[in-house]
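Structure record follows, encoded as structure tokens.
The values are calculated or read from the model by the stated rules, or taken from the named source; none is laboratory data. Fair warning: this is a prediction, and the values are worked out from it, not measured in the lab. Positions of Cβ are generated from backbone atoms using ideal geometry, with glycine treated the same way; all protein chains shown enter the neighbour counts. All accessible areas refer to the heavy atoms of the entire protein, side chains included, with ligands and DNA or RNA removed. Shrake-Rupley method; radii C 1.70, N 1.55, O 1.52, S 1.80 Å.
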Amino acid sequence: MPRASARNEATLPTITSSDGVRLNYLEMGDPTARPVVLVAGFKAPATSWRYQLKPLSRAGYRVIAFDRRGHGASEVGEGEHTMDRHGADLRDLLTGLELEDATIVGQSMGGNAIWALVRQFGTGGIRDVVIVDQTPKMLNTADWPYGFYDYDEANVDTYFATGIPDPGRHPVKSKGLVRISRVLKAMELPKGGRPAFTQAELALLNDHARRDWRPVLAEADRPVFFIAGAESEFWPAEHAAASAALNPHGSSTVIERDGHAANIEQPQRFNEALLGFLQR
């Protein structure tokens, strides 16, 4: 039987989640090739992977960029807005598309959505995991100083009450025009202004901030690769090595002159690191 032809342009199919919510995804590349699933961060659409879609498909992978519920073109749904539900949605994607031997790449909150999937359903169908600039525990404690800057037990109930705080590290103006332009284009954001947050987004953000995925990470029976931006706005880059040390299959790298949106600000360096892990 001849191989199915590669998709040279992204298609826009959907699946229906186990609780009846329509979820969108982008797909590019040979539909019979090894799958790479890209899961974007908080308020980021699947199109934020624009700098990865073609390079990965040209490298011979079936590339699937997922719009989590309430993100991009996917519906919000009427159920609870929790990380567990987002993990279940990832499970629905894997089973709905009958994906096996898949690499799952999660940026920011999308990374911890992967741990929510693994905690509830295990690692079936997963070849390996890539976490992009996301600490497995947002809260800083004596045994984990790699959380969100300035977030600790003293402000655990208020820090994320109205949105994402600005810790004042590595300000936007320090990135330069090229990196700023890449983020604006990939995130499809207008120039200037602060993002608004819905009640559903705030509920998800606060659940995300309180979770500790280190036990799930430690027990994961798949290779895990952590990529950090050296100039991340939200947490120290050392979180990558500390996270990798929790798992015998863990490894990490830090991309210089790169921020939290590591796959967007320095796409060439990011793609080299990701492809190096995929082709190891």
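At Arg22 and Gln120, where each label point lies 7 Å from the Cα along Cα→Cβ, what is the point-to-point distance in nanometres?
Each label point is offset 7 Å from its Cα along the Cβ direction, giving 2.2 nm.
Please check the chain for the longest run free of GluC sites (Glu not before Pro) that are loop-located per DSSP (anything but H, G, I, E, B) and have at most 10 other Cβ atoms within 10 Å.
99-255
Please work out the ratio of the alpha-carbon Rg of the chain to 2.2 N^0.38 Å and round it to two decimals.
0.94
So what are segment 67-166's ellipsoid semi-axes, whole angstrom, largest first, if each one is the square root of 5 times an eigenvalue of the alpha-carbon gyration tensor?
Whole-Å semi-axes of the equivalent ellipsoid: 27, 17, 11.
So, for segment 16-279, what is the accessible surface per residue at a probe of 1.4 Å, expressed in square angstrom? Provide the component values of the computation, followed by the final result.
Numbers: 10710 Å² over 264 residues.
Computed with neighbouring chains in place, this is 41 Å² per residue.
Tell me, what is the percent relative contact order of segment 16-279, built from C-alpha pairs under 8 Å that lie six or more residues apart?
Worked out over segment 16-279, it gives 19 percent.
What is the helix-to-structure angle for 177-187, meaning the angle in degrees between its Cα long axis and the longest Cα principal axis of the chain, kept from 0 to 90 and rounded to the nearest 10?
Here the helix axis deviates by roughly 60 degrees.
With each pseudo-label sitting 7 Å past Cα toward Cβ, what's the Ala196-His249 distance in nm, one decimal?
4.4 nm
Could you tell me what percent of the DSSP beta bridges with both partners in segment 16-279 are antiparallel, to the nearest 5?
Here the share of antiparallel DSSP bridges comes out near 20 percent.
If I compute solvent accessible area with a 1.4 Å probe over the protein chains, what percent of it on the chain is carbon and sulfur?
Carbon with sulfur: 51 percent of the solvent-accessible area.
Test of understanding: in a Gaussian network model of the chain with alpha carbons linked when under 10 Å, which of Val130, Val172, Val36 would top the mean-square fluctuation ranking?
Of Val130, Val172, Val36, the Gaussian network model singles out Val172 as fluctuating most.
Mind checking which of Asn112, Asn155, Asn140 has the largest fluctuation in a GNM of the chain, springs on alpha carbons under 10 Å?
Highest fluctuation of the listed residues: Asn155.
How far, in degrees from 0 to 90, does helix 199-210 lean away from the longest principal axis of the Cα atoms of the chain, to the nearest 10?
70 degrees
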